[in-house]
Every structure is written in structure tokens, then in C-alpha cells.
Amino acid sequence: MSNTGFPAYVSFFFACCFCCFCCSRAMPTQVKQEAVNNNRPVIGILTQLVSDEVMKPFGRTYIPASYVKYIESGGSRVVPIRLTLTTAEYENIFRKINGLIFIGGAADLETSDFARVAKIFYTLALKANDKGDFFPIWGTCMGMQLLTVLVSGENLLTKTTAENIALPLNLTTEASSSRMFAGLSDELMKALAEEPLTGNFHHYGLTVKAFQENEKLQSFFTVLSTNIALNGAVFISTLEGKKYPVYGVQWHPEVNRFQWDSKLNFPHSPHAVQLSARLAEFFIQEGRRSSHHFDSPEEEASSLIYNYTPVYTANFTGYEQVYFF
Ligand SMILES: *[C@@H]1O[C@H](CO)[C@@H](O)[C@H](O)[C@H]1NC(C)=O
Ligand SMILES: *[C@@H]1O[C@H](CO)[C@@H](O)[C@H](O)[C@H]1NC(C)=O
């Protein structure tokens, strides 16, 4: 899929995509809740099916360690969530975790197990939030693309290749009043708009046009930024739920601090590192508003990713370390 001259692993690593824009100004009221201050949040990460041959000897599903470190850096712990459980088992996990991340990778966004499991959690999250049971979801790259499929009920993605390129964001006027960017200093917001702080590794995306033409997406999300793909398509790069704590980035905040392959354009400048830190902190703060918890400390301990050891993969993938399951 990738003809960019980069090694084959690049295509599996970044087969994600998507896009943006819009502006209904009537802001729905955000989810209301009792004050919750859970300082021991646990965030779930859905595993990805291993598709790359070189990774197959290690396991059937995986999570790049960069996403785990990103979540941990914000003050949270991680629970890996396999793709082979029953709906009842996912409902059970949902009652115990305080937020969820859909990561990048390569999966069919409608027919894969990844999409099936994501839809179960997405549906549970909306219902919970409607009842004042706050539960945040974040989608990165393919994870954000998946969110647009879940919200719109259809796959509206088109070719918006931005492969191995770091870009500044074209921020919308809504960005400055967003929740996601509220913790960024004026200096960092300026840098975000002017310096290449966001690593892009995708072939597909949601165009601003597709977004504007879809009523469901327009009423659900506020577009915080757009970017221009190689083919000239204007794609949505950052999304924030108007009513729900649902967030999407077409770019990869985790790589700024936790991936180092020198063939890949991972931003590592001071501003890039700060951006990654602020966004991880933001999402974990959302997780602290969730009161979900495990039934016992023992159950919690046995569910955490600390029970697993990542494998060194820098010599055969674009990731330094990967957890396999
Ligand atoms: C940035 O977005 C605005 C609309 O918000 C658009 O008019 C402008 O052309 C975009 N600029 C770039 C460089 O993408
Ligand atoms: C990667 O490096 C490890 C040692 O750190 C080695 O055992 C493994 O065979 C290497 N894999 C490849 C595909 O080169």
C-alpha cells in the first residue's frame, strides 16, 4: 500500500487515515455529572490484530508500547483489551475502566473484530454519558477514522495521503475555546499552528467536504483543525465531541515522545514533546472524572498491562517496543 520508498513495516504501522471541518455554532450542553475525582484511573486500549508477517511469531494481537507509555505519562494505568471476548465480557470491562483509546494500525473499520469491539464500547460510552456516568474515548489515526465511522454509521473515508510527514495544524476558530487544547499555553498554541509538531502516517482520511455533508458528524463533532494531503484533499486532523467526551486526532501525539526510528518524521522538538505531554494529561484528567472501578485490588492488578513484558522490535518494525497478546 505504501510506495513511498520506506520499508514495508511503514505501511502496516500507519495504514490509517481521515479528515475535517464545520461549524454549527449551537453548542449542545456537555454531559453533566456528579463531581468525581478518581486519582487512580485505568484506561483501556483495544489491541490490534497482527497482520505483519515479521510480528506473527510473537502473538495474535498487539499494542505498540508508545501508546502505553503515553497513557502512563499522563498519570494513568493501562488495561489491554483483547478482541476475542463476548459482549457480556466487554460490558463487564466497561464497568471497570475510566476511559478508552482506539489506536492506529490497519483494520477494516466496518467488518473487523477491532471495529466490532469498538462499537460495543462506543455504544456503552454514549449510554453511560447520557446517564451522567462520564466516560471518555480518544481515537488516534485509524482510531479517529473509526470514530467517524461509529458516529456517522458509514465509512466516509477517502484518499488523503499524508505519509511520514510532520505538519503544523491549520486550527479552526473553535480550537481556542476547545477542551482538548485548553491546557496549552499561548506559546504552544502558536507553535502548534506554525511548527511541524504533528506526525502524520496515513493514506485515508475524512475530508472537510465529507464532514460538512454529513449531518451526524456535524452535530456530534467540532472540528479543531484541518490539513492538506499530498493529493490536495483538505482533511480533518483534530475533532472534539460537542456533547460527549470523545476526541480524535488523525496524527500521532504518542510518537513525539516515545518513537525514535530516524527514517520516520517523528517530531521531537521541545514544543512537540510539550504538546504530547499536555494531550496525555488532558485525556487522563478526563479519565479521573469516571468512577468506574474493578471489583477488587486483585482483579485490577491482574488486568493491568504490567503483567506483560514488551518485546524489543526496533530492528524489524517502526516501534521500539511492542506488547503482544
Ligand atoms: C485553513 O483553514 C481555513 C478554514 O478554516 C481555510 O480557509 C484555509 O485555506 C486553510 N489554510 C490552509 C493552509 O490549509
Ligand atoms: C532483533 O534483535 C534481537 C536482539 O535484540 C534479535 O534476537 C532478533 O533476531 C532481531 N530480529 C531481526 C528480525 O533482526
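Shape verdict for the chain, please, from the Cα gyration tensor: rounded (a/c under 1.5), prolate (a/b greater than b/c) or oblate.
Values: a/c = 1.35, a/b = 1.04, b/c = 1.30.
It is rounded, given that a/c, with a ≥ b ≥ c, falls under 1.5.
Which of the trypsin sites (Lys or Arg not before Pro) found in the range 37-96 are in a DSSP loop and have at most 14 neighbouring Cβ atoms, other than their own, within 10 Å? Display every interim value, and only then the final one.
Working: sites: Arg60, Lys69, Arg77, Arg82, Arg95, Lys96; in loops: Arg60, Arg82, Arg95, Lys96.
Filter output for the range 37-96: Arg60, Arg95.
What is the antiparallel percent of DSSP beta bridges lying wholly in the chain, to the nearest 5?
On the way: 27 of 43 bridges.
That works out to approximately 65 percent antiparallel.
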Helix-only estimate, please: 222 nm mean residue ellipticity of the chain, summing -39500 (n - 2.57) across DSSP H runs of length 4 or more and dividing by its residues, to the nearest 500. -8500 deg cm²/dmol
Carbon + sulfur, % of accessible area of the chain - ligands and nucleic acids excluded, 1.4 Å: 53
Under a Gaussian network model of the chain whose springs join Cα atoms within less than 10 Å, the largest fluctuation of Glu89, Glu300, Glu286 belongs to Glu89
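Which entries in the list Lys56/Lys119; Lys119/Lys216; Lys32/Lys209; Lys127/Lys159; Lys96/Lys119; Lys69/Lys131 go over 23 Å, if you measure between the two C-alpha atoms of each? List each step's numbers first, then the result.
Working: Lys56/Lys119 26 Å; Lys119/Lys216 16 Å; Lys32/Lys209 32 Å; Lys127/Lys159 33 Å; Lys96/Lys119 18 Å; Lys69/Lys131 31 Å.
Beyond 23 Å between Cα atoms: Lys56/Lys119; Lys32/Lys209; Lys127/Lys159; Lys69/Lys131.
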Would you work out which of Phe135, Trp251, Val149 lies farthest towards the positive end of the dipole of the chain? Charges go on Cβ: Lys and Arg +1, Asp and Glu -1. Phe135
Ignoring ligands, DNA and RNA, what accessible area per residue does the chain give at 1.4 Å, in Å²? 40
Per its Cα gyration tensor (rounded if a/c is under 1.5, else prolate when a/b beats b/c, else oblate), the range 145-235 is best filed as oblate
Test of understanding: in a Gaussian network model of the chain with alpha carbons linked when under 10 Å, which of Ala125, Ala193, Ala272 would top the mean-square fluctuation ranking? Ala193
Tell me which of Ile93, Pro168, Leu83 sits at the most positive position along the dipole axis of the chain, charges placed on C-beta atoms (Lys, Arg +1; Asp, Glu -1). Ile93
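The values are calculated or read from the model by the stated rules, or taken from the named source; none is laboratory data. In this text, all values refer to a predicted model and were calculated from it rather than measured experimentally. Here the Cβ is made from the backbone with ideal geometry for all residues, glycine too, and neighbour counts use every protein chain on show. Accessible surface is based on the protein model in full, side chains and every heavy atom, while ligands, DNA and RNA are left aside. Shrake-Rupley method; radii C 1.70, N 1.55, O 1.52, S 1.80 Å.
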